[in-house]
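Participant: Before we start, here is the structure in question, set down as structure tokens.
Please treat every number below as a calculation from the coordinates, not as lab data. Computed from a predicted structure; not experimentally measured. Positions of Cβ are generated from backbone atoms using ideal geometry, with glycine treated the same way; all protein chains shown enter the neighbour counts.
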Amino acid sequence: MIREISSPRRTIGRPRLLTREMVLDAAIEIGMTAISMKRLAEHLGVGTATLYQYVGSRDELLRLAAARQVSSLEMAGTDDLHWSKYIVAFARAIQAQLVEHPQIIVQFIDAGLGPEVELEVAERFLHGMVSRGFDAKEALDIQSHVGALAIAGAVAICRERASRARGRSSASRIQASLAHYGADELPLIREQVENYLADAEMILDRLIAPVIERIARQRGEELPGD
């Protein structure tokens, strides 16, 4: 009896045409606040089921996309900056990412980014500061301040832009609210109303300047001019 020799089984089906990086890039391009698995699949020209070969859920997609953005802070041209200007550049880079992708703020609040991302960002800042003569403990203390101020600045900008999208600036809303109070009410706020209504785009620079000045005093240094 002649035994038939079977040929190796071939895998049937289309090969994967995507990578996880391509999926995340597409999600970032669409915008994380408006993303859905269906919309992402249509954007990539694949079936929704295909996406689940790369990410397990929309929540995982948002987490990975947000982490990718935070980890890729744009810090080109900062190698030769004085430490004071490096701090500002780092804070602005974080703020810019958060303003461009507000969903990252939500992910951060919800602990959705994961500690790995926070550790990588902190390590990057610490390395930059240690190379400029700070010890790691000093750099970590500064990083805590800088990160908090960058988040605060991003929230202020996002809030202002959302307010303007609804047809009224934050300043006009505050002024309208003050009009509901008597002339002798909220006297301290009225006295400081111009500072209270400071341009949201400039809040980060205004908040970070005293931090830098304090550090310079502690180090007995003069800050470089602009």
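Participant: Going toward the positive end of the dipole of the chain, with +1 on Lys and Arg Cβ and -1 on Asp and Glu Cβ, which of 99, 170, 77 do you reach last?
Facilitator: 99
Participant: If packing is taken as the mean number of other Cβ atoms within 10 Å per residue, what is the order of 57-63, 188-194, 22-28, highest first?
Facilitator: Numbers: 57-63: 16.7, 188-194: 10.9, 22-28: 19.1.
Ranking, from highest mean packing down: 22-28, 57-63, 188-194.
Participant: Out of (1) 41, 21, 15; (2) 46, 27, 12; (3) 34, 19, 14, which label holds the value of semi-axes √(5λ) of the Cα gyration tensor in Å that was computed here?
Facilitator: Step by step, semi-axes √(5λ) of the Cα gyration tensor in Å for this structure corresponds to label (2).
Participant: Find the relative contact order for segment 124-226 and round it to a whole percent, using C-alpha pairs within less than 8 Å whose residues are 6+ positions apart.
Facilitator: Working: 39 pairs, mean separation 27.0, N = 103.
Relative contact order of segment 124-226: 26 percent.
Participant: May I ask you to derive the relative contact order of the chain, considering only C-alpha pairs under 8 Å and at least 6 residues apart, and to give it as an integer percent?
Facilitator: Working: 151 pairs, mean separation 38.3, N = 226.
Relative contact order of the chain: 17 percent.
Participant: How big is the charge dipole of the chain about its Cα centre, in debye rounded to the nearest 20, if each Lys and Arg gets +1 on its Cβ and each Asp and Glu gets -1 on its Cβ? Intermediate results must be reported in sequence, preceding the final value.
Facilitator: On the way: 27 positive and 31 negative charges, 261 e Å.
Here the chain has a charge dipole of around 1260 debye.
Participant: In addition: With the dipole of segment 114-221 worked out from charges on the C-beta (+1 for Lys and Arg, -1 for Asp and Glu) around the Cα centre, which of 151, 136, 202 lies farthest toward the positive end?
Facilitator: Farthest towards the positive pole: 202.
Participant: Here's a follow-up. What net charge is computed for the residues neighbouring residue 170, neighbours being all others with C-beta under 15 Å from the C-beta of residue 170, Lys and Arg scored +1, Asp and Glu -1?
Facilitator: Values: positive: 159, 161, 164, 166, 168, 173; negative: 160, 194, 199, 201.
My count for the surroundings of residue 170 gives +2.
Participant: Now for a separate question. Please compute the net charge surrounding residue 184, taking Lys and Arg as +1 and Asp and Glu as -1 over other residues with Cβ under 13 Å from its Cβ.
Facilitator: -1
Participant: A follow-up question, please. How many angstrom separate the Cα center of segment 24-38 from the Cα center of segment 158-226?
Facilitator: 33
Participant: Please list the three semi-axes, largest first and in whole Å, of the ellipsoid equivalent to segment 35-87, using sqrt of 5 times the eigenvalues of its alpha carbon gyration tensor.
Facilitator: On the way: eigenvalues 262, 23, 12 Å².
Taking √(5λ) for each eigenvalue gives 36, 11, 8 Å, largest first.
Participant: Once both axes come from the Cα atoms, what is the angle between helix 115-130 and the longest principal axis of the chain, in degrees from 0 to 90, rounded to 10?
Facilitator: For helix 115-130, the angle is close to 50 degrees.
Participant: Can you give the net charge of the other residues whose Cβ lies under 14 Å from the Cβ of residue 27, counting K and R as +1 and D and E as -1?
Facilitator: Numbers: positive: 20, 38, 39, 58, 63, 68; negative: 21, 25, 29, 42, 59, 60, 100.
In short, -1.
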